[in-house]
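The values are calculated or read from the model by the stated rules, or taken from the named source; none is laboratory data. Predicted model, so just to flag it, every value in this text is computed and none were measured. Ideal geometry is used to build each Cβ from the backbone, glycine not excepted, and the neighbour counts take in all protein chains shown. These area figures cover heavy atoms from the full protein model, side chains too; ligands, DNA and RNA do not enter into them. Shrake-Rupley method; radii C 1.70, N 1.55, O 1.52, S 1.80 Å.
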Amino acid sequence: MNIHEATALILCVLIGTVVSGVGSVWVAWVLVQAVMAKYTQHLLSLAAGALLATAFLHLLPEAFEGSQSPRTLFATLLIGILFFFLLDKAELWHHGHEHHHEHQRHEHSGHEHSGHEHHGHTHHATPISGGWTVLFGDSLHCFGDGVLVAAAFMANFQVGLVASLAVWTHEVPHHMGDLVVLRSSSSNPGSAVIKLSIAGAVTVLGGVIGLLLLEGHEAELPYLLTLASSSYIYVSLADLIPQLQKRLSAAQTFAQLLWLATGMAMVAVTSQFR
């Protein structure tokens, strides 16, 4: 490969990973912004379905296509779920610690005001946890996507172009689920798209490292995919689905199931383009 071919390959990988990794985040953000205010509960169902389908219909099947022992990959999945449980605990402790200090500041402020005025004091609902878990898992997922895009462009330009489009297509519904979790787990929902864009930018890092080190290191990718799967499974089952376990009418329950199935179907269909 001469210098011009190498430069063209690097440029193609950079453009492909930026568009598929970061571009998909912003498209997902636009879609979530359009419906978030009115359909928050529906989007929680959509997010749970999308994350579960990403884990079980996309990442795990791809991980198990390799030559690694299924027992080892399942052990990785189990360890990952336990790791994200501990990460979740740390995040809850952090929120509780901040809430404790905030409560002390309000009490101190209340003593300084005459008449014990409390009408301006508002208690905000504690955000759900799961934000750091989603970001960690998404970063691993995006890294794997970057490696795969690099490998595709190394084969030929057409394969790389199709791979980049495929990654972009299946990441949009997946990132919609991520954004719902991040908006709900942060006191500053507007920062969700920035955090997820940074995670999406790891796709570029995966692409660059894929170009440099792909040969001889393909065996590590299934473990990254399995670890990413454990984060999506944990967030779905521990954070999202418990919020949906409410006493609802038959029509509301049907709508909930419909949105859950829609999230799964979106990922299942777009994963076929891979």
How many residues, within region 68-114, are more than 20 Å from residue 131 (Cβ to Cβ), part of a helix (DSSP H, G or I) and modelled with pLDDT under 80?
11
In region 238-256, which residues are without any contact (Cβ under 8 Å) to a residue 12 or more places away in the chain and within 21 Å of the chain's Cα centre (by Cα)?
242
Between a first residue in region 61-89 that is within 17 Å of residue 240 (Cα to Cα) and a second residue that is part of a loop (DSSP other than H, G, I, E, B) and open to solvent by less than 50 Å² (accessible area, probe 1.4 Å), which pairs have beta carbons less than 8 Å apart while being 6 or more apart in sequence or on different chains?
88/129; 88/130
With the requirement that a residue be basic (Lys, Arg) and touching a helix residue (DSSP H, G or I) at 6+ places or on another chain (Cβ under 7 Å), what does region 223-274 give you?
274
Right, residue 203: at pLDDT 85 or above, assigned to a helix (DSSP H, G or I) and closer than 26 Å to residue 76 by Cα or not?
yes
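Yes/no matrix, rows are residues, columns are (1) among the basic types (Lys, Arg); (2) open to solvent by less than 50 Å² (accessible area, probe 1.4 Å); (3) over 19 Å from the mean Cα position of the chain (by Cα); (4) at pLDDT 85 or above:
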{"residue": "18", "(1), (2), (3), (4)": "no, no, no, yes"}
{"residue": "36", "(1), (2), (3), (4)": "no, yes, no, no"}
{"residue": "50", "(1), (2), (3), (4)": "no, yes, no, no"}
{"residue": "59", "(1), (2), (3), (4)": "no, yes, no, no"}
{"residue": "66", "(1), (2), (3), (4)": "no, yes, yes, no"}
